[in-house]
Amino acid sequence: MAVPKHLEKLPDQKMMSESLPRLIQKIATRYEERYHVKFIKDVHLLVGIYGSNAFTYRQIIPEVAFCLEKLSSNELHLECIIAHEFGHALHHMLSDREGMDWGIVDWNSPYTWLLQEGCAIHFSKTGSRGKGG
């Protein structure tokens with residue numbers, strides 16, 4: 001079952017393997033210049049797990065992962081998801097720089113999740129070619 005799925009997505013994954021590093025660098029640089037930060041954590045390109053399309057790891061300054069088989073190969077779509085995930089990392093970097101007391105964060109609260117998603121959406125609007133970028 002998995003092999004036919006992989007074969008089906010192979011052309012898209014090849015395209016993404018060529019475009020993602022360039023797009024990631026472009027968006028990271030855009031955020032670094034605009035917000036005076038430096039992304040130093042790893043970015044993971046995952047293939048074959050059919051998990052979430054992209055996510056940040058549960059870290060204060062998180063690593064970012066993209067699951068290729070769940071992504072569109074359209075470059076505008078890729079820019080938006082990259083900007084969104086890097087927006088999560090940027091939100092944490094800016095919060096940390098401002099002295100955030102991470103010990104008081106209720107990571108299981110839906111209010112925390114809403115804040116995190118709202119920040120990532122805001123930053124993705126300034127980090128990609130989508131609206132506001």
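We did not get these values from a lab; they are worked out from the coordinates using the rules stated. Computed from a predicted structure; not experimentally measured. Quick reminder, even Gly has a Cβ in these numbers, built from the backbone with ideal geometry, and neighbours come from all protein chains shown.
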GNM of the chain, Cα pairs under 10 angstrom: of Leu23, Leu115, Leu46, the biggest fluctuation goes to Leu115
Region 41-67 scanned against label point 7 Å out from Glu117 along Cα→C-beta; backbone N under 16 Å for 52-56
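Hey, fewest Cβ within 10 Å first, where do Arg129, Arg58, Arg30 land in order?
Details: Arg129 13, Arg58 8, Arg30 17.
With the sparsest Cβ surroundings first, the list reads Arg58, Arg129, Arg30.
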Here the Kirkwood hydrodynamic radius of region 17-56, Cα-based and in Å, equals 11.8
Per 5 angstrom bin, beginning at 0 and ending with the bin that holds the maximum distance, the Cα pairs of region 2-127 fall in percents of 2, 11, 20, 23, 18, 13, 8, 4, 2, 0
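To make sure I understand, if each residue's beta carbon is the centre and we count other beta carbons within 10 Å, what order do Asp12, Asp106 fall in, fewest to most? The partial results should precede the final answer.
Numbers: Asp12 15, Asp106 8.
Neighbour counts put them in this order, fewest first: Asp106, Asp12.
For a footprinting-style exposure proxy, rank His122, His84 by other Cβ within 10 Å, fewest first.
Working: His122 14, His84 22.
Fewest to most other Cβ atoms nearby, the residues stand as His122, His84.
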Sorted by chain and then number, the residues having a modelled amide H within less than 5 Å of the amide H of Leu46, at least 5 places away or on another chain, are Phe66, Cys67, Leu68
To the nearest 10 degrees, the tilt of helix 110-127 (Cα long axis) against the first principal axis of the alpha carbons of the chain is 70
